[in-house]
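The values are calculated or read from the model by the stated rules, or taken from the named source; none is laboratory data. Small disclaimer: the values here were computed from a predicted structure and weren't measured. Heads up, the Cβs are rebuilt from the backbone with ideal geometry, glycines too, and the neighbour counts pull from every protein chain shown.
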Amino acid sequence: MANHEDLFKKIIAHAKEYGFIFQSSEIYDGLSAVYDYGQYGSELKANIMDYWWKAMVQYHENIVGIDSAIFMHPRVWKASGHLEAFNDPLIDNKDSKKRYRADQLVEDHMAKIEQKVDKEVKKAKKRFGDEFDEEQFVTTHPRVLKYKEQIETINNRLVKDLENEDFDDLKKLIEELEIACPVSGSKNWTEVRQFNLMFSTQMGSVNEGANQIYLRPETAQGIFVNYLNVQKTGRMKIPFGIAQIGKAFRNEIVARQFIFRMREFEQMEMQYFVKPGTEMEWFEFWKNERVKWHKSLGIPDDKFRLHEHDKLAHYANAAYDIEFNFPMGFKELEGIHSRTNFDLSAHQNESGRKIQYYDNDTQDSYVPYVVETSIGLDRMFLAIITQAYTEEKLEDGSERVVMKIPPILAPIKAAVLPLVKKDGLPEKAREIMDNLKYDYMCHYEEKDTIGRRYRRMDAIGTPYSITVDHQTLEDNTVTIRERDSMKQDRIDIEKIPEILRDRLKPVKVD
Ligand code: GAP
């Protein structure tokens, strides 16, 4: 089994064993691509939300937050273009009866060619050692150049087919590339068909002629339809932003890879309303701001890369993905989109209401342009636990699994542990616990040996363990153990809140 698959399986197993993520309705064998967050998962998720909300809303005086309903008027989705254009091109293999996204089959094929390039680079690196010049190699080596040309030709055709909705040609492309079904191995494909990703349901009693409504596939539309309300009641001046965190639903056909692609998931989105003509400046600004946010969590730079979209969503005129190196490779974590005035104009036309901004300084009215930042909360969760999962061999020969979750996001900030369950140590430890628990999520534990308790805290990513021992009763000191270094310091009990406050502060990255 490939290493990354192995690692992914271990992360998924760890997430279940330690109460981070469970499959939905597991006692009924689960529901595909739907997951529940457990006792530590829900804490971590809430901390990620809080970290995002503070960075976007609290630290920006011109950004406010809302919480709009999941159900919206069905005409919203007509105006937004989702009814017409929120589709995936699907293809079935006639032998295995498995269904695939046609564009992803082609993308996987291109990724395989890319792997051949990587192999050539690795081989050459080994051969040439320190003298190897990778830049020169990939721009001159004939085999690498041939692979790169192949990728470019395939990609250009894929983008053209998707843009022109030329699904006959997309099928031809799959056949010409001789792409086989990963399950049956056959190349016996159906036609490519469009499939709308929105879930629909009925509102009201069917007898009374119920309305068909949709579960929102993005939270953004709840912001657009409230643009006027917020601008007027908040007396907002352009440029300004509206942020929201909430559930979104997509009937993903190819739903796999754990919480990477779910049918019910959560988004953290911000729409920034700007003067027409300034949108590319703001697009650059938000791209940089969002990259800084990720880096502020101490995740190494090489785990991220920016990817510019060739094929734009129906509402965008420029788009970048911030990609993260997940166990299955670099994949989209967050999207930064320049959405022009597409959405507000569409709602203005569909609703018949004037949705404009009156600029007091220039005395003109316009439909604002929008720059959007959109990150999947669940994907951010996956990025954090992927990055955190560490297997370590210790000096004494033992092994530990430690979740090196950034302390500010850790589900439990501190564990309070009496060394033994007697001699007045539990009572003293309870005092400390009671003093800390109103400010921090803490965990009290007196069962098991201290070593086992430390390991358990490592496994859920608790950054600090405070141990009360016999010396505590003599001089009012405790030991504080740091998760990653396992270093222990002896400190005064009075100093604990100050130390936690200092070490759990958000880091600002410029
Ligand atoms: N409002 C813009 C929008 O929805 P998107 O690229 O379709 O754009 C934004 O989605 C983010 O939402 C993605 O970068 C990803 O993190 C997350 N996301 C999208 N579909 C998802 C799914 N099926 N499961 C989990 N997260 C998803």
Next on the checklist: Quick test for you: out of E350, E372, E323, pick the one residue that is assigned to a strand (DSSP E or B), surrounded by fewer than 22 Cβ atoms within 10 Å (Cβ to Cβ) and in contact with a Lys or Arg (Cβ under 8 Å, 6 or more places away or on another chain).
Outcome noted: E323
Next on the checklist: Here is a check on your reading of the model: is F258 touching a helix residue (DSSP H, G or I) at 6+ places or on another chain (Cβ under 7 Å), within 16 Å of the ligand (Cβ to nearest atom), on the phi > 0 side of the Ramachandran plot and aromatic (F, W, Y)?
Outcome noted: yes
Checklist entry - What is the one condition in (1) closer than 30 Å to A316 by Cα; (2) surrounded by 14 or more Cβ atoms within 10 Å (Cβ to Cβ); (3) of a type outside the set (S, T, N, Q) that F137 does not satisfy? => result (1)
Next on the checklist: Tell me which helices (runs of 4 or more DSSP H) are completely within segment 134-245 and hold 1 or more residues being in contact (Cβ under 8 Å) with a residue 40 or more places away in the chain, or say none if there are none.
Outcome noted: 142-163, 167-176, 220-224, 227-233
Checklist entry - Only one of D103, D88, D95 is among the acidic types (D, E), touching a residue at least 40 places away in the same chain (Cβ under 8 Å) and in a loop (DSSP other than H, G, I, E, B); which? => result D95
Checklist entry - Listed residues V420, V416, V371; which is within 30 Å of F273 (Cβ to Cβ) and of a type in the set (A, V, I, L, M, F, W, C)? => result V371
Next on the checklist: From the list P411, P418, exactly one residue is touching a strand residue (DSSP E or B) at 6+ places or on another chain (Cβ under 6 Å) and either at pLDDT 95 or above or within 19 Å of E482 (Cβ to Cβ) (or both). Which is it?
Outcome noted: P418
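Given K123, K78, which one is free of Cβ contacts under 8 Å to residues at least 12 places away in the same chain, assigned to a helix (DSSP H, G or I) and either farther than 23 Å from F249 by Cβ or not hydroxyl-bearing (S, T, Y) (or both)?
Result: K123 is the single residue among K123, K78 that is free of Cβ contacts under 8 Å to residues at least 12 places away in the same chain, assigned to a helix (DSSP H, G or I) and either farther than 23 Å from F249 by Cβ or not hydroxyl-bearing (S, T, Y) (or both).
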Item to check | Whichever residue in segment 350-370 is touching a helix residue (DSSP H, G or I) at 6+ places or on another chain (Cβ under 7 Å) and farther than 22 Å from A243 by Cβ and, among such residues, is farthest from the ligand (Cβ to nearest atom) | outcome: K354
Checklist entry - Given the conditions (1) away from the ligand (no atom under 16 Å from the Cβ); (2) surrounded by fewer than 18 Cβ atoms within 10 Å (Cβ to Cβ); (3) assigned to a loop (DSSP other than H, G, I, E, B), and given that N288 satisfies all but one, which numbered condition is not satisfied? => result (3)
